[in-house]
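Here's the structure, in structure tokens; my notes come after.
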Amino acid sequence: MGGAQSLSAYDAIARLYDPWSAGVVEDISFYVDEALASGGPVVELGVGTGRIAIPTAMAGVQVIGVDSSEGMLAVCGERGGEAGVAERLDLRLGDLRRPPVEERVPLVTCPFRAYLHLASDEERLEALHAARELLQPEGRLVFDVFTPSVEDVEETDGRWIEREPGIFERADWDLAAQTLTLSVRGPQGASTMTLWWLEPARWHTLLAEAGFDVLACYGWFDRRPYAGGEDSVWIARRSPSPQIATKT
Ligand SMILES: C[S@@+](CC[C@H](N)C(=O)[O-])C[C@H]1O[C@@H](n2cnc3c(N)ncnc32)[C@H](O)[C@@H]1O
């Protein structure tokens, strides 16, 4: 039930999420380019308020967006309507470990660290198997995660930091458990959630176990190779012959 708590943590900040993440723009064109290259449709797991999904739909690609927060999906629906792309956005309430998606697509994405909401290898493998099931043969899973640096932990641990005007964020790191308890508060709401991080080598192993071939691991959205930084951006292809992926 550890995950269940974090699933609803976003409802309380659905109206705060966009102003909170206003400065996060570096990944948008990367995911839009991946969507265009795939030809669509795209399944975005943890679609949130549509920070990526709406520009993707505006580029002409159909998006099926799954999220466990009703509040986030409501904002996404509104924003999609305002942007004139409601007909290209198919929003579904559900868990990314068991996405309510029957369609098979060339691209599944999980942007902005949403996989870090998964608390154990069991949950991660369940989610990766589920993503694989959604893919057409040779289809791709693209996602990004982070592994904190010692400097980042020392600089931010236990301190409220003004991330955007009037919006404060606090990180409480547990290096032994590899968890980040992230709190945010602002005029539109407040919440606390837990994120679980892994070393990139571990993500690589889990992807292989779930039936993926890793095509690339980038260190940033400009596609520079991963070289030990905090962010890793993954492009994995559905392997034609999984060893364990057929297990449920
Ligand atoms: C950091 S936000 C990312 C939102 C969006 N993809 C973006 O890039 O701005 C993570 C999202 O994942 C959703 N989420 C977390 N755990 C989930 C789960 N188990 N199933 C479905 N959605 C989940 C949250 O509700 C939230 O909207």
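The values are calculated or read from the model by the stated rules, or taken from the named source; none is laboratory data. The structure presented is a predicted model; accordingly, all values stated were derived computationally and were not measured. With ideal geometry, Cβ positions are generated from the backbone for all residues, glycine too; neighbour counts draw on all protein chains shown. Only protein heavy atoms, including side chains, enter the accessible area calculation; ligands, DNA and RNA are left aside. Shrake-Rupley method; radii C 1.70, N 1.55, O 1.52, S 1.80 Å.
Can you tell me the FRET efficiency between residue 176 and residue 121 if r is taken as the Cβ-Cβ distance and R0 is 22 Å, rounded to the nearest 0.05?
Numbers: r = 17 Å, r/R0 = 0.77.
Result of the calculation: an efficiency of 0.85.
Loop-located trypsin sites (Lys or Arg not before Pro) across the stretch 145-248 with a Cβ neighbour count of 14 or fewer within 10 Å are 159, 223, 247, with loop assigned by DSSP. Take the chain with all the other protein chains still there, run a 1.4 Å probe, and you get 44 Å² of accessible area per residue. Between residue 168 and residue 136, the C-beta separation translates, for a Förster distance of 35 Å, into a calculated FRET efficiency of about 0.20. Computed over the chain, relative contact order equals 18 percent, with contacts defined as Cα pairs under 8 Å that lie 6+ residues apart.
Sorted by average packing, counted as other Cβ atoms within 10 angstrom per residue and highest first, what order do 78-89, 101-112, 48-59 take?
Working: 78-89: 16.1, 101-112: 20.2, 48-59: 23.7.
Most protected by this proxy first, the peptides run 48-59, 101-112, 78-89.
Each residue of the stretch 131-143 is assigned a 3J(HN,Hα), and the resulting list reads 5, 4, 4, 7, 8, 5, x, 6, x, 10, 10, 10, 7 Hz, derived from the Karplus form 6.51 cos²θ - 1.76 cosθ + 1.60 (θ = phi - 60°), x at Gly and Pro.
Please state the relative contact order of the stretch 24-152 as a whole percent: Cα pairs under 8 Å, 6+ residues apart?
Numbers: 229 pairs, mean separation 31.5, N = 129.
Normalised by residue count, the contact order of the stretch 24-152 is 24 percent.
Share of the chain's accessible area from carbon and sulfur, percent, 1.4 Å?
On the way: 5590 of 11020 Å².
C and S atoms contribute 51 percent here.
Assign one of three labels to the stretch 47-156, namely rounded, prolate or oblate, based on the Cα gyration tensor with a ≥ b ≥ c the square roots of its eigenvalues; rounded applies when a/c is under 1.5, prolate when it is not and a/b is larger than b/c, and oblate otherwise. If you can, show how the numbers build up before the last one.
Working: a/c = 1.84, a/b = 1.27, b/c = 1.45.
Oblate.
Taking every Cα-Cα distance in the stretch 98-245 and sorting them into 5 Å bins from zero, the calculated P(r) comes out as 2, 9, 17, 20, 18, 14, 10, 7, 3, 1, 0 percent.
Hey, what did the stretch 194-235 get for relative contact order, percent, Cα under 8 Å, at least 6 apart? Don't skip to the end; give the middle numbers.
On the way: 40 pairs, mean separation 12.6, N = 42.
This gives 30 percent for the stretch 194-235.
Quick check: convex hull of the Cα atoms in the chain, volume per residue, rounded to a whole Å³? Don't skip to the answer; put the middle values down first.
Numbers: hull volume 29.3 nm³, N = 248.
Dividing the Cα hull volume of the chain by its residue count gives 118 Å³.
Here the sum of -39500 (n - 2.57) over DSSP H runs of 4 or more residues, divided by the residues of the chain, equals -8000 deg cm²/dmol at 222 nm, to the nearest 500.
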